[in-house]
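Read the figures in this text as sums done on the coordinates, not as results from a lab. Small disclaimer: the values here were computed from a predicted structure and weren't measured. A quick note on method: Cβ atoms are made from the backbone with ideal geometry, for glycine too, and the neighbour counts reach across all protein chains shown.
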Amino acid sequence: MSPPDTGDRPPGAAAGPSSQSGLAAALTPVLTVAVSLLGLCLLWGLAARAWPSRAFPGPGQVWQVLLAEAANGDLFYHLGATLGRVAAAYVVAMVVGSVIGVLLGSHRSADRFFAPWVVLFLNIPALVVIVLAYIWFGLNEAAAIGAVAVNKIPNVVVTMREGARALDPSYAEMAAVYRFGLLDRIRHVLLPQLQPYLAAASRSGIALIWKIVLVVELLGRSNGVGFQIYLYFQLFDVAAILAYTLAFVAVMLVIELLVVQPVERHATRWRRRPA
Amino acid sequence: MQPVGAAVPLRVDIAEKTFRSAQGVSITALQDLSFEVRQGEFACLLGPSGCGKTTTLRILLGLDKDFSGSFQLPEGGSDRIAAVFQEPVLLPWRTVEQNVRLALPKSLRTKNLDGLFDTLGLAGMRSLYPAELSLGLARRAALARAFATEPAVLFLDEPFASLDERTAERLRHLLLTVWSARPTTALMVTHNLREALMLSDRIIVLAQRPAHVLGMFDVRLPRHYRNPQVMSDLLRSFQQKFPGVA
């Protein structure tokens, strides 16, 4: 592979500096994140040592609680319950919000009529929607998931409306001339054009949804991370509160790395190869 | 190769097409535009730019329904239409081959396209994305898509505009090759007289806006006789018949 050695380079360097620097470039961000998180833990540990209090446990104590909760199975049961609600609310919000957003974005008169509704729903506090949903529909799973979805839908609508406004009509015209079927139009013409907007709505959506799910669980469910946090709030057990919070944040991080990013890479594969 | 349609011509009879601007100003783009393209004939719609050629094509493609008048598309074999637009309009997120196959009716989705891709010089590029193609190659892919559908009528809207002359010339020859293999009723919009003389059986000359037919110019000579000498003779006789056009 390498050209005949001229002799003025050490043998290691002849192997190809590009592959070495490539590996380093790939590792640097991971290392940076690891060092950064370690630094945060260290700072937290030092602070906990400086101000010792039951209300401010150090990272070691939180880790112990985490292990105990994992060992007796509670952690996974409650994480699972919350994750299920997050997933359900996410799917409902994305589907309903996308359909409404695309319709508003492609029908100007409908948009003019419904735009005030969107603004209204955008500004209703999450707590009000949750309380009303529980009063009207009872303390059940459907009311909980519906309330979370209703909180998220206006955001999705606004993003997807922008996406629909940015659709290129020439693709739709090509599809009309060549008589694409409805499913082909959605799958091959509409969704790929909306992909950046879907990705943006998903990203901001997941983060918002899981925070609202905790409130929903706190107010009217008997399992889930939100319920556990409320329980330990009454016991003033800060270590357990932090343990559950960090566990769920970790789960969301894993989902981001193992699901969201690969899906996004697949969806934009046609973009990355240079011309 | 296959029998293509019955002897129904492409018949166009547009009484009027008017655009209304947001300020309420109305512009008549087409008025009393009527012509016919015979079965299996390659016709060119020639006219100054901005005279309403593309508007006519959009009406025939069914993309603009706000006009008065009527038109009849050739029928038979298939009732499908195909179009090559001013821009290639390939879906950037699908490969060249997927772009072509998506345009096919379900019954033809799996048909063998090797011959077509070979003729158009796209054999090695079926799995590339449109962003990886040059403009000339993207236009070849657009041609492949149009011909793969085996349409009853083919519309081309200045398909070789914005290409350098050498590439355009090569593509014109490729177009003739694939068209000759399966002569389809075709209507091509162009403002390039040489291109029209080289490709078509009949040139429909349009007047300035509002567009209507100024006259017809039939090129009866088989295409392989149209060498540079003959072309300049054709050019001269065209200019005698239509002084001041092009």
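Where the centre of each part is set by its Cα atoms, how far does the stretch B:169-217 sit from the stretch B:43-96, in angstrom? After rounding, the separation between the Cα centres reads 14 Å.
For chain B, the mean residue ellipticity at 222 nm estimated from helices alone is -9000 deg cm²/dmol, where every DSSP H run of n ≥ 4 contributes -39500 (n - 2.57) and the total is divided by all residues, rounded to the nearest 500.
Rank-order A:153-159, B:63-69 by packing density, defined as the average count of other C-beta atoms within 10 Å over each peptide's residues, highest first.
A:153-159, B:63-69
Listed peptides A:203-212, A:143-152 appear in the order A:143-152, A:203-212 once ranked by packing, highest mean of other Cβ atoms within 10 Å at the front.
At each listed q (0.16 Å⁻¹), what is the log10 of I(q)/I(0) that the Debye formula gives for the stretch A:116-208 modelled as equal alpha-carbon point scatterers? Here log10 of I(q) over I(0) equals -0.77. Classified by the C-alpha gyration tensor, the stretch B:94-183 has an oblate form. Its axis ratio a/c, with a ≥ b ≥ c, is 1.5 or above, and a/b does not exceed b/c. Around the Cα centre of chain A, unit charges on the Cβ atoms of Lys, Arg, Asp and Glu (plus for the first two, minus for the last two) sum to a dipole of about 580 debye.
According to the calculation over all Cα-Cα pairs in the stretch B:2-138, the P(r) per 5 Å bin from zero is 2, 8, 14, 16, 15, 15, 14, 10, 5, 1, 0 %. Debye calculation, C-alpha points only, no solvent: report log10 I(q)/I(0) for the stretch A:66-268 at q = 0.09, 0.10, 0.11, 0.13 Å⁻¹, in the same order as the q values. Treating every Cα as an identical point scatterer, log10 I(q)/I(0) equals -0.42, -0.51, -0.61, -0.79.
Determine the shielding of peptide B:79-92 by partner chains: average, over its residues, the number of Cβ atoms on other chains within 10 angstrom of each Cβ.
3
Over all orientations, the stretch B:162-246 has a Cα convex hull whose mean projected area works out to 6.2 square nanometres.
Across peptide B:117-130, the average count of Cβ atoms from other chains found within 10 Å of a residue's Cβ is 1. Averaged over the residues of A:171-183, the number of partner chain Cβ atoms lying within 10 Å of the residue Cβ comes to 6. Straight-line reach from A:K211: taking Cα to Cα under 22 Å and skipping same-chain neighbours fewer than 8 places apart, the lysines in range are A:K152. For the stretch A:21-167, report the % of Cα-Cα distances exceeding 29 Å. I get 51 percent for the Cα pairs in the stretch A:21-167 exceeding 29 Å. The residue among A:L66, A:L235, A:A93 whose Cα reaches farthest toward the positive pole of the charge dipole of chain A, with charges on the beta-carbon of Lys, Arg, Asp and Glu, is A:A93. Peptides A:88-96, A:132-140, B:170-178, ordered by how many other C-beta atoms sit within 10 Å of their residues on average, highest first, read A:88-96, B:170-178, A:132-140. Cross-link pairs exceeding 31 Å between alpha carbons, from the set B:K65/B:K106; B:K65/B:K241; B:K17/B:K111: B:K65/B:K241; B:K17/B:K111. Globularity index of the protein assembly as shown is 1.37 (Cα radius of gyration / 2.2 N^0.38 Å, N = number of residues).
Ranked by how many other Cβ atoms sit within 10 Å of their own Cβ, fewest first, the residues B:T110, A:T268 fall in the order B:T110, A:T268. Classified by the C-alpha gyration tensor, the stretch B:69-221 has a prolate form. Its axis ratio a/c, with a ≥ b ≥ c, is 1.5 or above, and a/b is larger than b/c.
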